[in-house]
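Chemist: I have a structure I would like to understand better, so I am pasting it below and will then ask my questions one at a time.
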Amino acid sequence: MEGVVYYGIIVLLMALESSFFPFPSEVVIPPAGYLASKGELNLLAVIFAGSLGSVLGALFNYYVSRRWGRTAVMVLGAKFGFKDSHLRRVEQFFIRHGEVTTFIGRLLPGIRQYISLPAGLGKMHLGKFILYTAAGAGIWVIVLALIGFYVGANEVLVKQCLAKCYPFIFGFVCVLVIGYIWLRRRYY
């Protein structure tokens, strides 16, 4: 029963991390990965719970922007210096490149929490939104869980490993973007 509570907490905290609340996933998943290495949790269940929470939090943002649209996004965006002209450019970009943007956005720190907003504004197909969000969030959760699993509870080592992983993640994102551009130019 104790494990079920832990998984529920992971889902809840990752849902918070994927919505508007600035709660870092690095505080949630690596310790859960560490507990999995000790046999107290199951690594696949940690990854599933983390990914599920990420999707649930992203769905919250998606529905807020879909339901209340531009007004809600502008109220929230104004706090970060976001202007109407910025929003129009984001919307136009998202109409053309929504799926890949959702997937890649889930891999980028500082963007992953807010990439759901243009998806909701653009009324992205819900099934596609969930698929691309789960794929991007799943990769991020796997990276964090494996770091926790292999590095342990040492916060300094976790931060060092994350610092070493970021260039690979950004490189992966760059390869995805280049591949996407190449495919778009070749076939569209």
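The values are calculated or read from the model by the stated rules, or taken from the named source; none is laboratory data. These figures come from a predicted structure and were not determined experimentally. Quick reminder, even Gly has a Cβ in these numbers, built from the backbone with ideal geometry, and neighbours come from all protein chains shown.
Chemist: Give the residue, chosen from A119, A137, that is of a type in the set (G, A, S) and either modelled with pLDDT of 90 or more or farther than 30 Å from G33 by Cβ (or both).
Modeler: A137
Chemist: Just one of the numbered conditions (1) surrounded by fewer than 19 Cβ atoms within 10 Å (Cβ to Cβ); (2) of a type outside the set (A, V, I, L, M, F, W, C); (3) in contact (Cβ under 8 Å) with a residue 24 or more places away in the chain; (4) farther than 23 Å from L12 by Cα is not true of Y63; which one?
Modeler: Failing condition for Y63: (4).
Chemist: Separate question: Working carefully through the options I147, I139, find the one that is in contact with a helix residue (DSSP H, G or I) (Cβ under 9 Å, 6 or more places away or on another chain), among the β-branched types (V, I, T) and surrounded by 19 or more Cβ atoms within 10 Å (Cβ to Cβ).
Modeler: Criteria check complete, one pass: I147.
Chemist: Could you check how many residues of segment 31-60 are more than 13 Å from I9 (Cβ to Cβ), under 17 Å from the mean Cα position of the chain (by Cα) and hydrophobic (A, V, I, L, M, F, W, C)?
Modeler: Count: 7.
Chemist: What number of residues within segment 21-34 satisfy the criterion of being touching a Gly at 6+ places or on another chain (Cβ under 9 Å) and farther than 13 Å from L144 by Cα?
Modeler: 1
Chemist: Moving on. So E2 clears everything in (1) farther than 25 Å from G105 by Cβ; (2) touching a residue at least 12 places away in the same chain (Cβ under 8 Å); (3) among the charged types (D, E, K, R) except one condition, right? Which one?
Modeler: Of everything listed in (1) farther than 25 Å from G105 by Cβ; (2) touching a residue at least 12 places away in the same chain (Cβ under 8 Å); (3) among the charged types (D, E, K, R), E2 misses just condition (2).
Chemist: Next up: Got a sec? Which of G120, G69, G152 is of a type in the set (G, A, S), in contact with a helix residue (DSSP H, G or I) (Cβ under 7 Å, 6 or more places away or on another chain) and farther than 28 Å from I10 by Cα?
Modeler: Criteria check complete, one pass: G69.
Chemist: T101 - would you say it is of a type in the set (S, T, N, Q), at pLDDT 90 or above and buried (at least 19 other Cβ atoms within 10 Å of the Cβ)?
Modeler: Taking the combined requirement at face value, the residue does not satisfy it.
Chemist: Of all the residues that make up segment 59-101, how many are assigned to a helix (DSSP H, G or I) and touching a Leu at 6+ places or on another chain (Cβ under 9 Å)?
Modeler: So the count comes out to 19.
Chemist: For segment 153-164, check the following and say yes or no: at least one residue is free of Cβ contacts under 8 Å to residues at least 60 places away in the same chain, within 23 Å of L44 (Cα to Cα), among the acidic types (D, E) and out of contact with any Pro (no Cβ under 7 Å at 6 or more places or on another chain).
Modeler: yes
Chemist: Additional query: If I filter segment 110-123 for residues that are in contact (Cβ under 8 Å) with a residue 60 or more places away in the chain, closer than 25 Å to F172 by Cβ, hydrophobic (A, V, I, L, M, F, W, C) and assigned to a loop (DSSP other than H, G, I, E, B), do I get at least one hit?
Modeler: Within segment 110-123 (the criterion being in contact (Cβ under 8 Å) with a residue 60 or more places away in the chain, closer than 25 Å to F172 by Cβ, hydrophobic (A, V, I, L, M, F, W, C) and assigned to a loop (DSSP other than H, G, I, E, B)), the answer is no, since none of the residues qualifies.
Chemist: I've got another one for you. Here's a check for you: in segment 12-30, which residue that is surrounded by 20 or more Cβ atoms within 10 Å (Cβ to Cβ) and over 12 Å from the mean Cα position of the chain (by Cα) is modelled with the lowest pLDDT?
Modeler: Looking at the filtered set, the residue picked out is V28.
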